[in-house]
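Here's the structure, in structure tokens; my notes come after.
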Amino acid sequence: MKIKPWFKYLISITLIISLIVLREYVEKLLLASYYRFVYPEMYYYIVISILLGLCIGLFLGLEHLFRECEKEGIWKINLPKLILVGLPSLYFSLSNIWVLSGNQFMREIIAYPLHYLLKYGLGYVSLFQIVFGYVVITSFYKFSEKI
């Protein structure tokens, strides 16, 4: 039995759990600042929460990137994946910023479809942040003409 893969996955799950716990802590601070009407502080927590969600997704796809680094060839980007999955995920990931923005254009034009989804809760925002991070890191691959 090899110890190295076990240790690698133990470290991975520990880091993922730590990121999730840290993200939930920031979400708790965000909710507290929302109820106290402390808007500048709230925006910082929103940005930190988004970055932590993206980091979780990036971390989940990191093994793919390491496998690609070992291959020979030139780097390519899977553009259809990035556009068709990544852009909608980015849009929904930033929904807290769109909705709470002080800019009327953002609130009424860009965030208009989000108002219908907010009726069902905010759980989808976290999921789309993770999906976006994963899509970004797995969209890079090496292409080789040799088979």
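The values are calculated or read from the model by the stated rules, or taken from the named source; none is laboratory data. All values reported here derive from a predicted model rather than from experimental measurement. Counting neighbours? That spans all protein chains shown, and the Cβs are built from the backbone with ideal geometry, glycine included. Side chains are part of the model used for accessible areas, which takes the heavy atoms of the whole protein and leaves out ligands, DNA and RNA. Shrake-Rupley method; radii C 1.70, N 1.55, O 1.52, S 1.80 Å.
For the chain, averaging the sequence separation of C-alpha pairs within contact (under 8 Å, six or more residues apart) and dividing by the residue count gives a relative contact order of 34 percent. Could you state the angle between the C-alpha long axis of helix 3-35 and the longest principal axis of the C-alpha atoms of the chain, as a value from 0 to 90 degrees rounded to the nearest 10? The two axes meet at around 10 degrees. Counting only aspartates and glutamates at least 8 places from LYS142 when in the same chain, those with an alpha carbon closer than 13 Å to its own are GLU68, GLU70, GLU72.
Between beta-carbons, use under 14 Å as the cut-off and find the net charge around VAL99, counting Lys and Arg +1, Asp and Glu -1.
Result for the local shell: +1.
Karplus-derived 3J(HN,Hα) values for the stretch 63-80, using 6.51 cos²θ - 1.76 cosθ + 1.60 with θ = phi - 60°, are 4, 4, 5, 5, 5, 5, 5, 6, 7, 8, x, 9, 6, 10, 10, 7, 5, x Hz; glycine and proline are entered as x. Note on LYS119: lysines with a C-alpha under 26 Å away, same-chain residues under 8 apart excluded, are LYS28. Here's the picture: charge each Lys and Arg Cβ at +1 and each Asp and Glu Cβ at -1 in the stretch 14-147, and of LEU100, LEU117, PRO40 the one pushed furthest to the positive end of that dipole is LEU117.
Extension gain for TYR35 to ILE97 (0.36 nm times residue separation, less C-alpha to C-alpha distance): 20.6 nm. Per DSSP helix of 4 or more residues, -39500 (n - 2.57); summed, then divided by the residues of the chain. What does that give at 222 nm, rounded to the nearest 500? After summing the helix terms and dividing by residue count, I get -22000 deg cm²/dmol.
May I ask you to give the percent of accessible area on the stretch 3-50 that is carbon plus sulfur, with a probe radius of 1.4 Å? The nonpolar share, carbon plus sulfur, comes to 77 percent. Taking all protein chains as present, what is the carbon and sulfur share of the accessible area of the stretch 63-134, in % to the nearest whole number, probe 1.4 Å? Here it works out to 70 percent. When semi-axes √(5λ) of the Cα gyration tensor in Å is computed from the coordinates, the matching label among (i) 44, 34, 12; (ii) 31, 17, 13; (iii) 33, 22, 11 is (iii).
Cross-link partners of LYS8 among aspartates and glutamates, defined as those whose alpha carbon lies under 15 angstrom from its own and excluding same-chain residues fewer than eight positions apart: GLU63.
Taking a probe of 1.4 Å, how large is the accessible area per residue of the stretch 30-113, in Å²? Averaged over the residues of the stretch 30-113, the accessible area is 64 Å². Charge dipole (Cα centre; +1 on Lys/Arg Cβ, -1 on Asp/Glu Cβ; no other charges) of the chain amounts to roughly 300 debye. Under 10 Å, Cα contacts only: if you run a Gaussian network model on the chain, which one of TYR116, TYR44, TYR124 comes out with the highest mean-square fluctuation? Per the Cα network of the chain with a 10 Å cutoff, TYR116 tops the list.
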